[in-house]
Amino acid sequence: MRAALYGKGALIRKTYEYLERSGVENLGVLEDRVEDLVLSEGYPGARQADESTMDPDDAVILVAENAWLSFAVKRLCAAGFERICYLPYYYEEEGYEISDDSFVWIDPTLPRLEYIEYHVAWNCNLKCKGCTHFSNILEKEIFGDFDQFCKDLQRLQELFWGIYKIRLMGGEPLLNPQLAHFVAAARSAFPDADIRVVSNGLLLREDMEDVLDTMAACDAGFDVSMYPPTRHAISGMDKICRKHGVKLFVTPEVNEFRAFLDFDGAQKPEEVYASCPARHCAFLGAGVISTCSMPQLIPILNERYSCGIPVDPGDIIDLYEEGLDGEELLKRLRRPMAFCRFCAKEQRSFPWEPAGPGKAVLADWSVYGE
Ligand code: SF4
Ligand code: SF4
């Protein structure tokens, strides 16, 4: 096989050196010119690139930071390359040795999905007032169905060549004793993904070795929101993560929450959607997906307070719909939903405080506070 490298960053040197040792004929590094992609005349510190031009059968190995891969695949396709594989971004780190199995072939005719989030556990130990996922008012334990999750990942693999970011969340994912399996399944389906476990951090213990070791092996990190109770636990969490080689990403302190629902549904969907940060937060349910979590989670509020907020069936997309392809799904995920009329553009903030099922009231979510 003959292959050229395309990418940027420190990893390209490591890959170049690997190719020199492997049985692959190393054609050199592709350089981006305004109109074309050309083989560079050499690579600093490595041998001069082959004089040959690229044949359609030659492979291109993409080596770059994760955020750049979507652009790079489109660029290569536009330049006529069809045989494309990538080396996952985490091979840059110590402990990841490149082998022939490290390269992941893709079908460049498929698009890449930028983001999904998924509820590993729907309920939560912290129970913040006005939780946007309504986890504070759930009294029974609800966990994501692992077999369905694997099936849905497989379906997403048919629709997309990759996913930039996967956030396993809730609720509190550490409540689910199967969390490690979810992390491993996500990594196995999408080697390109930046995988995060979104947690308040309070339940992490030193002896959760299956979770910690799996996360380290899968290069999955914790995304921790710094709520007031988390402040006291964060240094312990940091120590545990360091010991197990798990990355820890911590938000700035969160002392305020925001109420955002207009129960009258009097908002203009296009207007609210245009400035809503959640419009990029595709939510994966059981066999379905929606632009954000709201249409799939609002039944929790409806059930608790009998508020009857309607869900338009068009807001929740069946992943298995006949004839659905990745491009069509992206198109549908990138437009306002009927539900957006229930979200206010100007939100009402209030200080963070706990409010479990006994204390929470419907007004906690109302933009008008009543
Ligand atoms: S920590 Fe608070 S905001 Fe996060 S899921 Fe739990 S209750 Fe909701
Ligand atoms: S329903 Fe629409 S406006 Fe509301 S959070 Fe989701 S994307 Fe944003």
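Bear in mind these aren't lab numbers, they're just calculated from the coordinates by the rules spelled out. This structure is a prediction, so every number in the text was calculated from the model and none was measured. Cβ: placed from backbone, ideal geometry, glycine included. Neighbour counts: every protein chain shown.
Taking the mean number of other Cβ atoms within 10 Å as a proxy for protection, how do you rank 62-73, 316-327 from highest to lowest?
Put in order of decreasing packing, that is 62-73, 316-327.
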What nm distance separates the two modelled labels at LYS151 and GLU321, each placed 7 Å from Cα along Cα→Cβ? 1.9
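Let me know the charge dipole size of segment 143-292 about its Cα centre in debye, to the nearest 20, where only the beta-carbon of Lys, Arg (+1) and Asp, Glu (-1) is charged.
Details: 15 positive and 21 negative charges, 57 e Å.
In debye, rounded to 20, segment 143-292 gives about 280.
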Kindly rank 355-363, 188-196, 290-298 from highest to lowest mean number of other beta carbons found within 10 Å of each residue. 290-298, 188-196, 355-363
Rounded if a/c is under 1.5, else prolate if a/b is larger than b/c, else oblate: which is segment 107-150, with a ≥ b ≥ c the root eigenvalues of its Cα gyration tensor? oblate
Run the reach check for LYS345 against lysines, Cα to Cα strictly under 16 Å, same-chain hits fewer than 8 apart removed. What comes back? LYS268
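With the radius of gyration and the Kirkwood radius both derived from the Cα set of the chain, what is their ratio Rg to Rh?
Rg/Rh: 1.02.
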Would you mind computing Rg(Cα) / (2.2 N^0.38 Å) for segment 239-370, counting N as its residues? 1.24
Positive-end extreme of charge dipole, the chain - chosen from GLY326, THR230, ILE289 (charges on Cβ): THR230
Using unit Cβ charges (K, R positive; D, E negative) and no other charged atoms, how large, in debye to the nearest 20, is the dipole of the chain about its Cα centre? 1320
0 to 90° range, to nearest 10: angle between helix 69-78 axis and the chain longest Cα axis: 50
Take the alpha carbon atoms of segment 69-83, find their center, do the same for segment 288-318, and report the distance between the two centers in whole angstrom. 37
Relative contact order for the chain, counting Cα pairs under 8 Å that sit 6 or more residues apart, in percent: 15
Per DSSP H run of n ≥ 4, the term is -39500 (n - 2.57); total these for the chain, divide by its residue number, and report the mean residue ellipticity at 222 nm rounded to 500 deg cm²/dmol. -8000 deg cm²/dmol
Among GLY28, THR251, SER99, whose Cα sits farthest toward the positive end of the charge dipole of the chain (+1 at Cβ of Lys/Arg, -1 at Cβ of Asp/Glu, about the Cα centre)? THR251
Among beta bridges assigned by DSSP with both residues in segment 112-365, the antiparallel ones amount in percent, to the nearest 5, to 35
Students often check this: by mean Cβ neighbours within 10 Å, which of 303-312, 151-160, 111-120 ranks highest, and how do the rest follow? 111-120, 151-160, 303-312
